[in-house]
Amino acid sequence: MLVSIYTPTKNRKDALERAVNSVLNQTYNNIELIVVNDGSTDSTADFLKKKSQQDNRLKYINNNYSRGAPASRNIAIKNSGGQFVTGLDDDDEFLPERIEAFVKYWQLLDKLGYSPSCLYSQDIVTRNGERIFNSHKKGMIEASDLFEFNFIGNQVFAPKSHYLGAGLFDEELPAWQDLEMFMRILKNFGTAHLLDCATQIYDDTPRDDRISVNGESKIREAYLKIANRHASKSPRDAQKLFFQVFSKYYGLHPSFKDWIQFIKLGLWPKGLIKLALKTFRV
């Protein structure tokens, strides 16, 4: 069974090399890695050409201009040949058993009569090359859970048909493209199941050279679009999603206008307490 892995990249040759090697060194050999070079101006194209000559499981596509991470992911998925698809960001790494573990776990769930929408795993989170912590994600995720938090992370393992059936990544969404895509996959195909072991190294080092740099205006615009699309009939879900705008990761605090917007969605005492904590958080 062929598994396709997609990786968008731009001007990150050194990090990309580590990511590519982590895929090609998987214990599960029946894979293809599709790297979409999103208009890089460094030596990325030369690296991909040379590496693909050494290992024909690596395929690459050069975008003549930068189209952004969601479009690059979609290009790779559309050109993939695998029954299953998963992704890897160019600054992250797979542990050697990741794909094999996903395949075996999917087969086990299938034998037990489960039909997951996708699989996800625990991560080893690093910053500046140092391990910070291991994630402790929930065991099963429903679409409704994602309004509260992106419990899945940044990658899933799923049949290619699930990506296509959900409509792929929204190329017009300015941020939270992974979160919104996961919402659609889970709405269309059901529960996501956790492979409860760390199979990926996730680099949480702050950088300004990522393909998607999420400024405050992009975060707020993404919230409005996702809330209108997925929570138009549930003000409480819109309120839960609103809290994600003020994640510690972004360092944003609710303004007076945010309070008004939140209250207009409905009176929720516990929510108001949570909003107050985020407003006065140091």
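Miscellaneous remarks
- Evaluating MET1 against the criteria (1) closer than 25 Å to GLN177 by Cα; (2) of a type in the set (A, V, I, L, M, F, W, C); (3) assigned to a loop (DSSP other than H, G, I, E, B) leaves one unmet condition, (1).
- Residue match in segment 84-107 (condition: over 24 Å from ILE201 (Cβ atoms) and among the hydrophobic types (A, V, I, L, M, F, W, C)): no
- Scan of segment 59-112 for residues that are part of a loop (DSSP other than H, G, I, E, B), among the aliphatic types (A, V, I, L, M) and touching a residue at least 12 places away in the same chain (Cβ under 8 Å), ordered by number: LEU88, LEU95
- Test: residue in segment 39-58 that is surrounded by 20 or more Cβ atoms within 10 Å (Cβ to Cβ), out of contact with any Phe, Trp or Tyr (no Cβ under 8 Å at 6 or more places or on another chain) and within 25 Å of PHE182 (Cα to Cα): no
- Positions within segment 49-58 being touching a residue at least 24 places away in the same chain (Cβ under 8 Å) and either part of a strand (DSSP E or B) or farther than 21 Å from THR27 by Cβ (or both), in sequence order: LEU58
- Here the helices (runs of 4 or more DSSP H) wholly within segment 221-282 that include at least 3 residues being within 19 Å of LEU179 (Cβ to Cβ), open to solvent by less than 80 Å² (accessible area, probe 1.4 Å) and at pLDDT 95 or above are 235-243.
- Inter-residue pairs, beta-carbon under 9 Å, first free of Cβ contacts under 8 Å to residues at least 24 places away in the same chain and in segment 5-20, second among the small types (Gly, Ala, Ser) and open to solvent by 60 Å² or more (accessible area, probe 1.4 Å), 6+ apart: none
- Consider segment 1-18 and keep the residues that are within 15 Å of ASP42 (Cβ to Cβ) and in contact with a Phe, Trp or Tyr (Cβ under 8 Å, 6 or more places away or on another chain). The one that is surrounded by the most Cβ atoms within 10 Å (Cβ to Cβ) is LEU16.
- So SER40, is it touching a residue at least 12 places away in the same chain (Cβ under 8 Å) and in a loop (DSSP other than H, G, I, E, B): yes
- Scanning segment 169-212 for residues that are open to solvent by less than 20 Å² (accessible area, probe 1.4 Å), outside any helix (DSSP H, G or I), modelled with pLDDT of 95 or more and more than 20 Å from SER115 (Cα to Cα) yields PHE169, LEU173, ALA175, THR199, GLN200.
- Residue within segment 118-134 that is among the polar types (S, T, N, Q), part of a strand (DSSP E or B) and touching a helix residue (DSSP H, G or I) at 6+ places or on another chain (Cβ under 8 Å) present: yes
- Members of segment 140-159 that are within 15 Å of PRO116 (Cβ to Cβ) and open to solvent by 40 Å² or more (accessible area, probe 1.4 Å): MET140, GLU142
- Checked across segment 156-167, the condition of being in contact with a strand residue (DSSP E or B) (Cβ under 7 Å, 6 or more places away or on another chain), at pLDDT below 95 and not in a helix (DSSP H, G or I) holds for no residue.
The values are calculated or read from the model by the stated rules, or taken from the named source; none is laboratory data. Since this is a predicted model, take the numbers as computed values, not measurements. When we count neighbours, we look across all protein chains shown, and the Cβ atoms used for this are built from the backbone with ideal geometry, even at glycine. These area figures cover heavy atoms from the full protein model, side chains too; ligands, DNA and RNA do not enter into them. Shrake-Rupley method; radii C 1.70, N 1.55, O 1.52, S 1.80 Å.
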